[in-house]
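Everything below concerns the one structure shown next.
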Amino acid sequence: MLNPTSPIAIIAATAPLRSRPSNYPEPFASRMAGRQKRPLGTLFGLSNFGVNLTRLLPGAVSALRHAHSHQDEFIYVLTGSPTLMTHAGETQLEPGMCAGFKAGSDDAHQLVNYTQAEVVYLEVGDRTPEDQVTYPDDDLKAVWVEGRWQFTHKDGTPY
């Protein structure tokens with residue numbers, strides 16, 4: 001059944017920006033400056049997976065380098081040339097390229113915009129319950145509990 005408040009179709013770039021720029025606690029949230037997400041999946045009432053139209057200004061990052069225990073992720077580059085950071089090192093991407101990140105692989109990833117042009121890409125991720133996220137470069141751990149992320153230090157101390 002169609003949700004009467006959901007649109008039928010939209011121009012993705014006109015979708016509202018995410019109300020909160022980052023879910024991370026400080027000092028990590030401020031590192032997301034220059035990133036804008038438009039939650040397209042939520043706009044249409046999708047609950048099994050999320051879709052974001054994400055824009056990175058020059059110097060911005062997509063997220064802290066991270067790996068999910070239960071959730072798959074996929075990105076598709078629309079404009080710009082971000083650098084994909086994984087355990088294997090740096091991979092230069094360009095429009096039309098895509099990458100996928102299998103849940104449980106422990107291959108932490110992030111996009112970095114080292115260029116002077118903006119980057120725009122689609123990111124898709126499922127919403128599997130009980131997901132945990134590891135951040136190998138930061139003292140941070142996330143657990144998906146009752147529809148929201150709970151962040152702790154790696155030793156379990158809450159932020």
### Query
For segment 142-159, what are the residues that are under 17 Å from S22 (Cβ atoms) and either buried (at least 16 other Cβ atoms within 10 Å of the Cβ) or among the charged types (D, E, K, R) (or both)?
A142, W144, R148, F151
### Query
For A13, are the conditions met, namely being of a type in the set (G, A, S), over 30 Å from Y159 (Cα atoms) and assigned to a helix (DSSP H, G or I)?
yes
### Task
Return yes when R65 is buried (at least 17 other Cβ atoms within 10 Å of the Cβ), farther than 25 Å from T152 by Cβ and among the basic types (K, R) and no when it is not.
no
### Message
The conditions are (1) within 26 Å of P129 (Cβ to Cβ); (2) surrounded by fewer than 18 Cβ atoms within 10 Å (Cβ to Cβ), and M32 fails exactly one of them. Which is it?
### Response
(2)
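How about segment 142-159: which of its residues are outside any loop (DSSP other than H, G, I, E, B) and out of contact with any strand residue (DSSP E or B) (no Cβ under 8 Å at 6 or more places or on another chain)? Give the steps one after another, and end with the answer.
Restricting attention to segment 142-159, the residues satisfying the condition of being outside any loop (DSSP other than H, G, I, E, B) are 142-145, 148-152, 158.
Correct list: V145, R148.
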### Query
In segment 120-142, which residues are closer than 30 Å to A13 by Cα and at pLDDT below 95?
D126, R127, T128, P129, D131
### Task
Taking only segment 110-141 into account, find how many residues are within 23 Å of L17 (Cα to Cα) and not in a loop (DSSP other than H, G, I, E, B).
11
### Query
Which pairs have Cβ atoms under 7 Å, sit 6 or more apart or on different chains, and link a residue in segment 40-63 that is among the polar types (S, T, N, Q) to one that is at pLDDT 95 or above and assigned to a loop (DSSP other than H, G, I, E, B)?
T54/S62
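For segment 32-109, please list each of the strands (runs of 3 or more DSSP E) lying entirely inside it that holds at least 1 residues being under 11 Å from the mean Cα position of the chain (by Cα) and among the small types (G, A, S). Working first, answer last.
Values: elements: 35-39, 49-56, 73-79, 83-86, 89-92, 98-101.
It comes to 49-56.
Yes/no per residue for (1) at pLDDT 95 or above; (2) closer than 25 Å to K141 by Cβ; (3) buried (at least 21 other Cβ atoms within 10 Å of the Cβ):
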position	(1), (2), (3)
N52	yes, yes, yes
P58	yes, no, no
V61	yes, yes, no
S69	yes, yes, no
D72	yes, yes, no
V77	yes, no, no
### segment 79-93 - residue that is within 19 Å of T134 (Cα to Cα) and in contact (Cβ under 8 Å) with a residue 24 or more places away in the chain and, of those, surrounded by the most Cβ atoms within 10 Å (Cβ to Cβ)
L84
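The values are calculated or read from the model by the stated rules, or taken from the named source; none is laboratory data. Treat the numbers as computed from the prediction; the structure is a model and nothing was measured. As a convention, Cβ positions derive from the backbone with ideal geometry for all residues, glycine included, and neighbour counts pool all protein chains shown.
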